[in-house]
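Step one of this worksheet: look at the structure below.
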C-alpha cells in the first residue's frame, strides 16, 4: 500500500501515515529498517493488525521526498479568532481529512511507471 506521512515524532520514535484507503496507520521506528521519514514523505508500506490496533504500518520504504517548496503546504494554517456571533463549537468533524488529488495523481503515475518497467 502507498501513503503519506502525516506526523512523525523522531524524539518519540513513532508517527502516523495516511494510506491510499484514507485510513490512518500507526508506524513505530522499529518498522523503518534504516529509512528516515518526515511529515509529507510519500512511502510504501505493508498494513498489519495487532491486538491493540487494526491499522499498523510495517516494511516502510520511502518513494519520494517532497522538496522544501511543496512541503510548505503542510504548515499549519493560522487559526481565525472566533467572534461572539458564532455559536459553533470546534469538534472532530471539523478535522476530516479529504482525499488529496495531487497524491492520487502521483500514485497513478507511479503505478503506471512501475507497470511499464515490469513489462520490459
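Here, each number is a calculation from the coordinates, and none is a lab measurement. Keep in mind that what you see is a predicted model, and the values were worked out from it rather than measured. In this analysis, Cβ positions are derived from the backbone assuming ideal geometry, glycine residues included, and neighbour counts consider all displayed protein chains.
Counting beta carbons within 10 Å around each of 111, 1 and listing the fewest first gives the order 111, 1. Residues 18, 52, arranged from fewest to most other Cβ atoms within 10 angstrom of their Cβ, appear as 52, 18. In terms of other Cβ atoms within 10 Å, 59, 51 run from fewest to most in the order 51, 59. If you plug the beta carbon distance of residue 28 and residue 108 into 1/(1 + (r/R0)^6) with R0 = 35 Å, you get a FRET efficiency near 0.75.
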